[in-house]
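For reference, the structure is listed below as structure tokens.
The values are calculated or read from the model by the stated rules, or taken from the named source; none is laboratory data. Keep in mind the model is a prediction, meaning the values are calculated, not measured. We place every Cβ from the backbone using ideal geometry, glycine too, and count neighbours over all the protein chains shown.
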Amino acid sequence: MARLASRVEFENDLGETVKYVRHPRGLGLVSPRAVAHATADIAQTAYVETGARVGKDARVGKGSWVDHDAVVEDGAVVGSNVHVGAWSHLERGARVGRGARLGERVVVERGARVPDDAIVEAGTVVPRSRHTVLRRDEGERHHWGTAA
């Protein structure tokens, strides 16, 4: 089995060199200017960008992207193929289902759940509430809504 490089560099769409280091648990790619707790599990194909923070025992799934300055608190779970938008905040124990897309500055409250394939609009607060529901848009994906 081939060994993975502990440091990775490549050029982004703006022609800038972007650097990452492999996280010891899961081998995901973490910006040297991000903070990921040693007990966090960041999957090999996941990215954590500059200024982001991933807390104790948090999990970031395969193919997921934690954008710049986002926070994933202790024990929060980001499913596979998820985008956590810039400046978003997943509070302790929050869960984001696979394929979900969170816009910028989204807050997922402590213990709240975002279902698989949900699209959460920028600036939304996702409460921990049994009254929170999804509504279908014209496309295949779900959009976040709240029951009246």
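Worth a mention:
- On inspection, V82 qualifies as touching a strand residue (DSSP E or B) at 6+ places or on another chain (Cβ under 7 Å), β-branched (V, I, T), surrounded by 16 or more Cβ atoms within 10 Å (Cβ to Cβ) and under 14 Å from V126 (Cβ atoms).
- Tallying residues that are closer than 14 Å to R7 by Cα, in contact with a Pro (Cβ under 9 Å, 6 or more places away or on another chain) and among the aliphatic types (A, V, I, L, M) within the stretch 18-52 yields 1.
- When the stretch 67-78 is filtered for residues that are over 14 Å from V108 (Cα atoms) and under 9 Å from the mean Cα position of the chain (by Cα), only D67 remains.
- Residue in the stretch 3-17 that is hydroxyl-bearing (S, T, Y), surrounded by fewer than 20 Cβ atoms within 10 Å (Cβ to Cβ) and within 13 Å of the chain's Cα centre (by Cα) present: no
- Selection status of A70, in contact with an Asp or Glu (Cβ under 8 Å, 6 or more places away or on another chain) and either surrounded by fewer than 18 Cβ atoms within 10 Å (Cβ to Cβ) or free of Cβ contacts under 8 Å to residues at least 24 places away in the same chain (or both): yes
- Residue among W144, W87 that is crowded, with 19+ Cβ neighbours inside 10 Å and at pLDDT below 95: W144
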